[in-house]
Amino acid sequence: MLVPMRQIPRPFLLGAMLLALGIVLAACAAERRAEAGADLIVLPATPDAWRIVAGHWGAEAELTGDRVEVPPPTEEYARSSRLEASAGLRDGQRERLHFEWKDLWLSTLRIDSRKALDLRAFQGGMLEFDLDVADLAHGAVKVSVGCGDGCARSVNLLDQGRAWAGKGWHHVALPMACFMRDGADFSQVRQPFKLEGNGSGSVSVANVRLTRQAGDGLACPDYRTQSVTPAMLDESWSVDWWLPRHEKKLEEKRKLAIGAMTANGNLSPIAFDDGVDWHIGKRQGNFAIGDRIE
């Protein structure tokens, strides 16, 4: 009995199709596994990959082209302020972002995701980027990563930024632990990177990524003990006067302590500090009463 020729290839064709499908599925699975272990690349990126938004407390504007300028605040004291952002393009990608601000107590350059990101796999890793500080003599810059709805924590780069000013690109690595706090939810993050500027400054950022592996990086304070740990007030508006005032107060304390050393039983003049100003007073037992020293 003769079998029609058109029926012979069918079993072989079905087998070949199943084999090809298996190869494709295996390749896709391998690709997904590779992506699962990969870094999250924030920059460079195509213009449609992220929303780039510059803003301050009164207005914000999205960077949709090469450059955007945000209208100044409406308050009289901030009318002369300025805020702008621009992108450096290469091969159809945003390779770097430039952030420039003047006379603003708070300005931001945000990289927002168009959908919530699950960053839990990166919690033990690092935030890495390159920073080029053009000018930070009268300002400061902080870096921030979102940690869920209404949650964000920043790291101050004032000291490093001023030291790097005018010296080209510097690589920055921060443990993701710097951006974690109680109640953080890294399963729903829409803001994987943000720069905060105050005062006046000009910086550029490139090669932003989140890694899954820990590495060497800058140290950051523990937010749980930061408020009760003695340290210099390292804000752009305070660094120029805080240390000289602190040294002056220490000298006042020394002079007052010398002048207060009198023997009068358990009642003697003393100098004491309420954390803001020095006072002179009298101590009897465990109590002190005094007048503020201007």
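The figures follow:
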{"quantity": "Residue in region 162-180 that is in a strand (DSSP E or B) and basic (Lys, Arg) present", "calculated": "no"}
{"quantity": "Residue that is farthest from residue 170 (Cα to Cα) [pool: residues in region 200-237 that are modelled with pLDDT of 95 or more and out of contact with any helix residue (DSSP H, G or I) (no Cβ under 8 Å at 6 or more places or on another chain)]", "calculated": "200"}
{"quantity": "Contacts under 9 angstrom Cβ, first residue in region 161-185 being touching a residue at least 40 places away in the same chain (Cβ under 8 Å) and under 22 Å from residue 125 (Cα atoms), partner of a type in the set (Asp, Glu) and not in a strand (DSSP E or B), 6 or more apart", "calculated": "173/216"}
{"quantity": "Scope region 184-197; condition acidic (Asp, Glu), more than 12 Å from residue 142 (Cα to Cα) and modelled with pLDDT of 95 or more; matching residues", "calculated": "none"}
{"quantity": "Members of region 59-102 that are surrounded by 15 or more Cβ atoms within 10 Å (Cβ to Cβ), assigned to a loop (DSSP other than H, G, I, E, B) and more than 20 Å from the chain's Cα centre (by Cα)", "calculated": "72, 73, 81"}
{"quantity": "Residues within region 62-87 that are farther than 17 Å from residue 200 by Cα, in contact (Cβ under 8 Å) with a residue 24 or more places away in the chain and small (Gly, Ala, Ser), tallied", "calculated": "1"}
{"quantity": "Conditions (1) part of a strand (DSSP E or B); (2) in contact with a Leu (Cβ under 8 Å, 6 or more places away or on another chain): number failed by residue 134", "calculated": "(2)"}
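Conditions tested, residue by residue: (1) surrounded by fewer than 18 Cβ atoms within 10 Å (Cβ to Cβ); (2) modelled with pLDDT of 95 or more; (3) closer than 27 Å to residue 81 by Cβ.
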{"site": "104", "(1), (2), (3)": "no, yes, yes"}
{"site": "118", "(1), (2), (3)": "yes, yes, no"}
{"site": "147", "(1), (2), (3)": "no, no, no"}
{"site": "171", "(1), (2), (3)": "yes, yes, no"}
{"site": "182", "(1), (2), (3)": "yes, no, no"}
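The values are calculated or read from the model by the stated rules, or taken from the named source; none is laboratory data. Just so it is clear, the model here is predicted, and its values are computed rather than measured. With ideal geometry, Cβ positions are generated from the backbone for all residues, glycine too; neighbour counts draw on all protein chains shown.
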